[in-house]
1. So, R0 is 35 Å and r is the distance between the beta-carbons of Glu186 and Ala115; what FRET efficiency does that work out to, to 0.05?
2. As an exercise, use a Förster radius of 22 Å and the Cβ-Cβ distance of Ala154 and Glu133 to find the FRET efficiency, rounded to the nearest 0.05.
3. Take region 58-110, compute every pairwise Cα distance, and split them into 10 Å bins from 0; I just need the percent in each bin.
4. How about region 14-107: which GluC sites (Glu not before Pro) there are in a DSSP loop, with at most 16 other Cβ atoms within 10 Å of their Cβ?
5. Using the crude model of +1 on Lys and Arg Cβ and -1 on Asp and Glu Cβ, and no other charge, please compute the dipole size for the chain relative to its Cα centre, in debye to 20.
6. Using a Gaussian network for the chain with springs between C-alpha atoms less than 10 Å apart, which of these wobbles most: Ala93, Ala218, Ala85?
7. Sequence-distant or interchain residues sharing an amide H contact under 5 Å with Leu147, placed H: which?
8. What percent does the relative contact order of the chain come to when contacts are Cα pairs within less than 8 Å and at least six residues apart?
Amino acid sequence: MGLLEERLRAVRDGGAKAFVPYVTGGAPGVDAALLRALAEAGADAIEVGIPHSDPIMDGGVIQDASRLALEAGTRTDDVLATVAAAGLEVPVAAMTYANPVLRRGVDRFVADLAAAGVAGLIVPDLPPEESEELRGAAAERGIDVVLLAAPGAAPERYRAIAREARGFVYCVATYGVTGARDRLAETARAVVEGLRGLTDLPLLVGVGISTPEQAASACAFADGVIVGSALVAPLVGGDRAGALALAEAFRAAIA
């Protein structure tokens with residue numbers, strides 16, 4: 001069990017709900033000080049995206065954040081340097097895509113994550129069947145590879161995810177890419193309930209958690225939430241204070 005899983009289990013077993021904000025590394029306003037401020041706002045873990053030219057899981061807001069980060073010259077090493085400089089006590093999960101991992105090489109990639117103090121890794125376009133090498137290399141360095149469970153998946157798919165995931169299971173709330181939604185999708189509960197009897201890992205809901213009220217609704221059946229686009233949007237717009245105030249509102253809603 002890595003630090004990410006240990007911390008999120010402790011939150012759940014203590015009767016609380018986990019709040020995991022996401023920000024795109026290298027995007028406007030995203031620096032070590034922001035990561036520390038998110039931790040101070042009550043984040044139980046922080047997900048930091050490594051910007052990618054083709055973020056296939058992400059909608060317009062995070063696509064725009066990735067574009068701005070890449071145009072500013074941000075690369076993987078820059079994001080990891082930001083995480084290291086933050087010196088956080090809460091665990092950090094890096095989110096990226098398969099191409100940057102494979103380009104650098106699996107062993108070197110996870111070694112660089114570990115050196116920066118990263119505790120978890122999310123690679124949404126690398127399915128469990130193709131992630132054995134990455135999961136093994138990460139486990140050797142105490143890094144939890146988080147797997148995603150999507151709506152509508154077959155029961156045997158959920159069983160495979162439950163068997164191989166570490167850290168937590170990322171329960172995708174809705175069909176489609178990340179981004180704001182008018183309401184919490186009914187599929188969110190179905191994903192969590194489909195996994196609940198298959199694993200003792202914390203089950204966190206993400207994608208489309210747009211308001212503190214939606215987060216509270218999700219936490220009625222899940223162990224916590226991941227909030228991305230709602231926080232990235234004000235950052236891209238230059239409203240760093242607004243993003244932090246919203247993070248505090250999410251934390252308060254699921255206290």
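1. Working: r = 42 Å, r/R0 = 1.21.
Given R0 = 35 Å and the Cβ-Cβ separation, E is 0.25.
2. Working: r = 25 Å, r/R0 = 1.12.
Given R0 = 22 Å and the Cβ-Cβ separation, E is 0.35.
3. 19, 48, 32, 1
4. Values: sites: Glu40, Glu47, Glu71, Glu89; in loops: Glu89.
Here the GluC sites (Glu not before Pro) that fit, given the DSSP loop and packing criteria, are Glu89.
5. Working: 22 positive and 33 negative charges, 55 e Å.
So the magnitude is around 260 debye.
6. Largest GNM mean-square fluctuation: Ala85.
7. Arg166, Phe168, Tyr170
8. On the way: 546 pairs, mean separation 60.7, N = 255.
Answer for the chain is 24 percent.
Just so you know, all these numbers are worked out from the coordinates, no wet-lab data involved. Predicted, not measured: the structure shown is a model, and the values here were computed from it. For neighbour counting, all protein chains shown are included, and Cβ atoms are generated from backbone atoms with ideal geometry for every residue, glycine included.
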